[in-house]
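Take a look at the structure below.
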Amino acid sequence: MKAILEIKRGLPGAEPTVETFEVAFEHGQSILDGLRAVRRETDPTLAFRFACINANACKECMMLIDGKVDYACTVRLKEGVTKLAPLPKKALVRDLVTEIAPPDERLHGKS
């Protein structure tokens with residue numbers, strides 16, 4: 001069985017593009033599983049965040065999934081097309097990655 005991920009990609013200030021990736025899946029897999037398969041098997045440059053395994057930082061994989069804000073780790077992969085885009089109203093870093101902390105809350109490396 002195949003799932004198709006339509007991913008809105010780009011960089012800040014550049015016109016975004018939509019790229020389509022086909023991934024094999026089994027029932028129960030998450031969107032995050034599909035994204036990791038794309039990066040592992042097809043396009044290692046695809047940017048997205050997740051911190052499920054060894055960081056106590058849930059909410060890293062939040063993105064627009066079929067037009068709704070949700071977690072890529074909890075939404076199930078499905079047959080057919082799923083549209084993915086970065087979070088709206090957040091500054092784009094690259095592809096599906098947006099700024100998490102507001103600028104005044106980020107560490108700047110200055111003493």
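Details
- Failed condition for R49, given (1) assigned to a loop (DSSP other than H, G, I, E, B); (2) over 12 Å from the mean Cα position of the chain (by Cα); (3) charged (D, E, K, R): (2)
- Residues of the range 67-80 satisfying the condition of being among the charged types (D, E, K, R) and under 12 Å from the mean Cα position of the chain (by Cα): D70
- Unmet criterion (only one of (1) surrounded by fewer than 17 Cβ atoms within 10 Å (Cβ to Cβ); (2) closer than 21 Å to E99 by Cα; (3) among the small types (G, A, S)) for A72: (1)
- Positions within the range 19-44 being among the aliphatic types (A, V, I, L, M) and in contact (Cβ under 8 Å) with a residue 24 or more places away in the chain, in sequence order: V23, I31, L32, L35, V38
- In the condition set (1) at pLDDT below 95; (2) in a helix (DSSP H, G or I), R40 is compliant with all but (1).
- Any hit, the range 27-35, residues being part of a loop (DSSP other than H, G, I, E, B), surrounded by fewer than 17 Cβ atoms within 10 Å (Cβ to Cβ) and under 13 Å from the mean Cα position of the chain (by Cα): no
- Identity of the residue in the range 50-85, among the β-branched types (V, I, T) and over 17 Å from G28 (Cβ atoms), that ends up modelled with the lowest pLDDT: I53
- When restricted to residues that are under 19 Å from P86 (Cα atoms), of a type in the set (D, E, K, R) and assigned to a loop (DSSP other than H, G, I, E, B), the range 1-26 contains 1.
- First in the range 83-97 and over 17 Å from R39 (Cα atoms), second anywhere and of a type in the set (S, T, Y), Cβ under 6 Å, 6 or more apart: L87/T98; K90/T98; L92/T98
- When the range 1-18 is filtered for residues that are surrounded by 15 or more Cβ atoms within 10 Å (Cβ to Cβ) and among the charged types (D, E, K, R), the ones remaining, listed by number, are K8, R9.
The values are calculated or read from the model by the stated rules, or taken from the named source; none is laboratory data. The shown structure was predicted, so the numbers you read here are calculated from the model rather than taken from an experiment. Positions of Cβ are backbone-derived with ideal geometry, glycine not excepted, and every protein chain shown enters the neighbour counts.
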